[in-house]
1. Starting from the stretch 140-216, pick out the trypsin sites (Lys or Arg not before Pro) whose DSSP state is loop and whose Cβ has at most 16 other Cβ atoms within 10 Å.
2. Kindly work out what percent of the DSSP beta bridges joining two residues of the chain are antiparallel, to the nearest 5.
3. Which percentage, to the nearest 5, of the DSSP beta bridges contained in the stretch 1-159 is antiparallel?
4. Please work out the Cα center distance from the stretch 131-145 to the stretch 34-93, rounded to the nearest Å.
5. How far, in nm, would the chain grow between residue 139 and residue 206 when pulled straight, counting 0.36 nm per residue and subtracting the alpha carbon separation?
6. With +1 on the Cβ of every Lys and Arg and -1 on the Cβ of every Asp and Glu, and nothing else charged, how large is the dipole of the chain about its Cα centre, in debye rounded to the nearest 20?
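Since every read-out is calculated from the coordinates, none of them should be taken as a lab result. Predicted, not measured: the structure shown is a model, and the values here were computed from it. We place every Cβ from the backbone using ideal geometry, glycine too, and count neighbours over all the protein chains shown.
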Amino acid sequence: MNQPTTSLGSGSLRRPTRIVLNFAHRCNMSCEWCYVPFAGERPDPVVCKRIIERSAQIGFEVFTFGGGDPLLYDFLPDLLASASRCGLFVHVDTNGIGLQCTDATVSLLTNQIDLLGLPLDGPRSDIHDRMRSTTSHFELVVDRLTWLRPFMPKVKINTFVSKCNANTIQEMVPLIARLGPSRWSLYQYWPLSQGKAAIAQHVISDEEFSTTTGKLPAIIDGVRVEVNPIPARRLTYPFVSHDGTVYIHNQKDESSYKILGPIFEDGVIRELLVECGTERQEAKSRYVSIRCSG
């Protein structure tokens, strides 16, 4: 992907590639390590559409619909269509609960979703469901992934790695090979925002994370393995809540966010561009490879 610039303000600034829209009204799960700051009113689809259009105007290339869970909202297909019309690469992260095996979903995956992320946090239900503070979710996700087999070139499996599941990550290799997504992305547990309340249960050092993921092959039967430690992720992309509030990782305190203000204000975007760097190459390559394969 090219690295275009924005004309906001005096001079030009390099910018991050991706922006993440978090539907921070509520979630249908209660993962104890989650770092999304849930609060506020139900999302307004008109405001969400303005956020998408504004993101394209600023020059973002990739738009991630994140959680809570985007599939909680029946207006999501309209937002996906809006993002596609704006020329954005459309990435949807979901826990899979609302992912129905229907013709409508097939149409979205065929025409409007470029990348779909689903979670698997262990090789079997006892590990995964412990990580997700629920029951029967492991089976649900595996069922959804099995149904999604024709779309695997645009499916990514996300795994959060903490001290609760680190010793079982190697056991996931045969499962990942069998499911066959385009990528397997492993993320170090980050005691960030409300997620730091679970630090005693989940904290894993940079060295432990590196040792755990370092035992994995770079490619598993064609599946690219992507390792995402905390230091590599900080300040490489901004977040925007469904009400339009932009926030980023705090440079002075890695356990908190810094709120910048409304995405519709040019001054907020200038600050964002000063504080956020570009998306790391490992993450950018996922979008390039998927778009090229499509």
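1. Numbers: sites: 144, 154, 156, 163, 178, 183, 196, 215; in loops: 163, 215.
In loop regions of the stretch 140-216 (DSSP not H, G, I, E or B), the sparsely surrounded trypsin sites (Lys or Arg not before Pro) are 163, 215.
2. Beta bridges within the chain, antiparallel portion: roughly 25 percent.
3. Details: 2 of 18 bridges.
Counting only bridges with both partners in the stretch 1-159, antiparallel ones make up about 10 percent.
4. That distance is 24 Å.
5. Fully extending the segment from residue 139 to residue 206 adds 21.1 nm.
6. Taking the Cα centre of the chain as origin, the dipole is about 540 debye.
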